[in-house]
1. Report, by residue number, each residue of segment 82-100 that is open to solvent by less than 40 Å² (accessible area, probe 1.4 Å) and either in contact with a Gly (Cβ under 8 Å, 6 or more places away or on another chain) or not in a strand (DSSP E or B) (or both).
2. Where the second residue is charged (D, E, K, R) and not in a strand (DSSP E or B) and the first is within 26 Å of Glu134 (Cβ to Cβ) and open to solvent by 90 Å² or more (accessible area, probe 1.4 Å) and lies in segment 50-74, which pairs have Cβ atoms under 8 Å and are six or more apart or on separate chains?
3. Checking Leu34 against (1) in contact (Cβ under 8 Å) with a residue 60 or more places away in the chain; (2) part of a strand (DSSP E or B); (3) crowded, with 20+ Cβ neighbours inside 10 Å, which test does it fail?
4. Pick from Arg126, Arg169, Arg143: which is open to solvent by 50 Å² or more (accessible area, probe 1.4 Å) and farther than 28 Å from Asn99 by Cα?
5. If you scan segment 146-166, which residues turn out to be of a type in the set (D, E, K, R) and open to solvent by 60 Å² or more (accessible area, probe 1.4 Å)?
6. Assess whether Asp108 counts as being in contact with a helix residue (DSSP H, G or I) (Cβ under 9 Å, 6 or more places away or on another chain), open to solvent by less than 90 Å² (accessible area, probe 1.4 Å) and not hydrophobic (A, V, I, L, M, F, W, C).
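The values are calculated or read from the model by the stated rules, or taken from the named source; none is laboratory data. In this text the structure is predicted, and so the values were computed from the model without any measurement. Here the Cβ positions follow ideal geometry from the backbone for every residue, glycine too, while neighbour counts run over all protein chains shown. With ligands, DNA and RNA removed, areas are computed over all heavy atoms of the protein, side chains included. Shrake-Rupley method; radii C 1.70, N 1.55, O 1.52, S 1.80 Å.
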Amino acid sequence: MNDFYHEGALELQRRLDTQELAAHIAKRYVTDELDDDAVALIGDADSFFLATADTLGRPDCSYKGGRPGFVQVLDRRTLAFPSYDGNGMFRSLGNVLVNSAVGLLFIDYERPVKLRVNGDATVSTRQADLSAFEGADAVVNIRVREVFENCPRYLHDRKTGEYSRHCPRPGYVPPDPAWKHKPEYDGIVRRTDVR
């Protein structure tokens with residue numbers, strides 16, 4: 001994970017004094033394969049967000065949805081998902097053809113959990129690959145490079161419509177998320193409340 005942070009991220013870590021926290025998270029929580037929790041979350045997912053970029057590095061982000069299980073975990077380092085009939089623009093899959101780097105964001109609002117998966121993708125239209133997914137026009141295979149959970153504190157409650165209590169607003173100091181009070185973060189994280 002030596003190259004997990006690029007110079008832009010490192011510069012902001014220096015400016016905002018988060019180098020020690022960022023290094024700790026990368027060392028302890030960023031892996032190059034899916035653990036059991038990630039496999040279960042992905043297997044239950046009915047949607048995710050896919051980030052791609054073209055040859056000039058211009059980003060694009062799309063929503064991908066299906067029935068739970070439409071993203072298949074082929075092994076701890078490989079995912080596959082179908083591309084269903086759409087508007088025919090193929091911005092995301094077209095980007096994959098010219099720039100294989102992708103980012104996937106899975107969100108489980110119930111638990112709540114945000115899981116980020118970065119990797120390299122390929123696109124197949126071979127019948128042998130299509131046959132694994134009902135209704136697929138193409139199949140995207142992803143070789144996992146990095147997997148990590150992302151703090152879910154700003155997720156809003158989709159059932160009640162309430163905003164996260166962690167969102168700042170005038171005259172209100174949001175509570176810290178529980179993870180900030182774990183002993184492993186003593187001395188390396190800014191806290192707003194004391195327990």
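1. Pro82, Ser92, Leu93, Gly94, Asn95, Val96
2. What qualifies is Arg67/Asp46.
3. Result: Leu34 passes all but (2).
4. On the way: Arg126 fails: farther than 28 Å from Asn99 by Cα; Arg143 fails: farther than 28 Å from Asn99 by Cα.
Step by step, each of Arg126, Arg169, Arg143 is checked, and only Arg169 is open to solvent by 50 Å² or more (accessible area, probe 1.4 Å) and farther than 28 Å from Asn99 by Cα.
5. First, pick out the residues of segment 146-166 that are of a type in the set (D, E, K, R): 146, 149, 153, 157-159, 162, 165.
Of everything in segment 146-166, those that are of a type in the set (D, E, K, R) and open to solvent by 60 Å² or more (accessible area, probe 1.4 Å) turn out to be Glu149, Asp157, Arg158, Lys159, Glu162, Arg165.
6. Details: in contact with a helix residue (DSSP H, G or I) (Cβ under 9 Å, 6 or more places away or on another chain): yes; open to solvent by less than 90 Å² (accessible area, probe 1.4 Å): yes; not hydrophobic (A, V, I, L, M, F, W, C): yes.
Yes.
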